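A short reminder: the numbers here are calculations on the coordinates, not readings from a lab. Since the structure is predicted, the reported quantities are computational estimates derived from the model, not experimental observations. Note that we place each Cβ from the backbone using ideal geometry, even for glycine, and neighbour counts take in every protein chain shown.
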Amino acid sequence: MSVDYIACERARGRVWVPVGDTGSVDVFDTATGAFTRVDGFKTAERVVRDKKRMMGPSAVSIGDGVAYIGNRATSEVCVVDGATLKLGACITLPTPTDGVVYVASSKEVWVTTPKDSSLTVLDATEPAKLERKLVIKTEGGPEGYAVDATHGLLYTNLEDKNRTLAIDIKTHKVKATWPTGCGADGPRGVAVEEARNLVFVACTDGVKVLDGGRDGAALASLDTGVGVDNIDYVEAKKELFASAGKAAKLTVARIGDKGEVTVIATRETAQGARNAVADSSGNAYLVDAQNARLLLFAAYK
């Protein structure tokens, strides 16, 4: 089972899980415990690190009444209707997709396209019909994404340059570049807290807390164990979620007023389980790909 990015649709209580090798997206209803499968995505076999892998849908972002699915097999971004859960139109990009994120303030979908050292911006004025708008070139391969609507910024990392970028959503220009201090393996996922202007950068073995108002000044760090990729943050609860795949551990931390980190829970997960997401109540979800399971961890009380 091939799984990368997943997403929690907090407003509707659903977790979206793109599964590359089945050419489908499984949508989990957190209230009923039922799955609905969205079929029809294309797949293709690719060689990755000298091993053959089946590629397909691998990323998801929730838009205005729709979900946007990135497909590594075809370099497509496809639309799924949020009400009917039916696959709609797809748009093909000239370079393979990685992360996908909807930017509500500009009605755009931003796609990290690291093989081309760029982000591709799509016009989502008509939610069900995407159109190519522009390409933002970067000095390395972008990895991860987070939208700060309050400050009008989109954050991404340059994994191969060990830096975090703040990009102005209106102008599509890089506004700031900060060192992350993640070491040789570089940064991965990123999350933000808008109210206190905090930026959380995932390294492969922990998370750095940076001050978005002071040029990314380092405030604190969180040790998580090895194998972190994407991370999630619930701003209303001030809780950060990081799952380490190699360490098979989920860490939940509360973030204080000065960015300080307090671990409030750790949970044993499964080998390879990473990219945890959380709902508005603080329940965490992540995929055990080896056993084709969605793992649920109840909110810290």
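Of the cross-linked pairs K107/K238; K133/K170; K208/K249; K170/K258; K258/K301, which ones have a Cα-Cα span greater than 20 Å in the structure shown? Can you show the working numbers first?
On the way: K107/K238 27 Å; K133/K170 13 Å; K208/K249 18 Å; K170/K258 29 Å; K258/K301 23 Å.
Correct reply: K107/K238; K170/K258; K258/K301.
Calculated over the range 1-133, the projected area of the Cα convex hull averaged across directions stands at 7.8 nm². You can think of it this way: the chain between L85 and T150 has 20.3 nm of extra reach, that is 0.36 nm per residue less the Cα-Cα gap.
Evaluated over the Cα positions of the chain, the convex hull gives a direction-averaged projected area, one quarter of its surface, of 13.8 nm². With neighbour counts taken as other beta-carbon atoms within 10 Å, the residues E260, E193 rank, fewest first, as E260, E193.
The alpha carbons of the range 70-170 stretch over 41, 33, 20 Å along the principal axes, in descending order. Inverting the pair-averaged 1/r between distinct Cα atoms of the range 241-301 gives 11.8 Å as its Kirkwood hydrodynamic radius. Listing V17, V66 from fewest to most neighbouring C-beta atoms within 10 Å gives V66, V17. For the range 257-301 and the range 1-62, what is the separation of their C-alpha centers, rounded to whole Å? That distance is 18 Å.
Under 10 Å, Cα contacts only: if you run a Gaussian network model on the chain, which one of D257, D232, D185 comes out with the highest mean-square fluctuation? Among D257, D232, D185, the largest GNM mean-square fluctuation belongs to D257. Taking the square roots of five times each eigenvalue of the Cα gyration tensor of the range 154-301, the equivalent ellipsoid has semi-axes of 25, 17, 14 Å, listed largest first. Cα centroid separation, the range 78-94 to the range 159-185: 30 Å.
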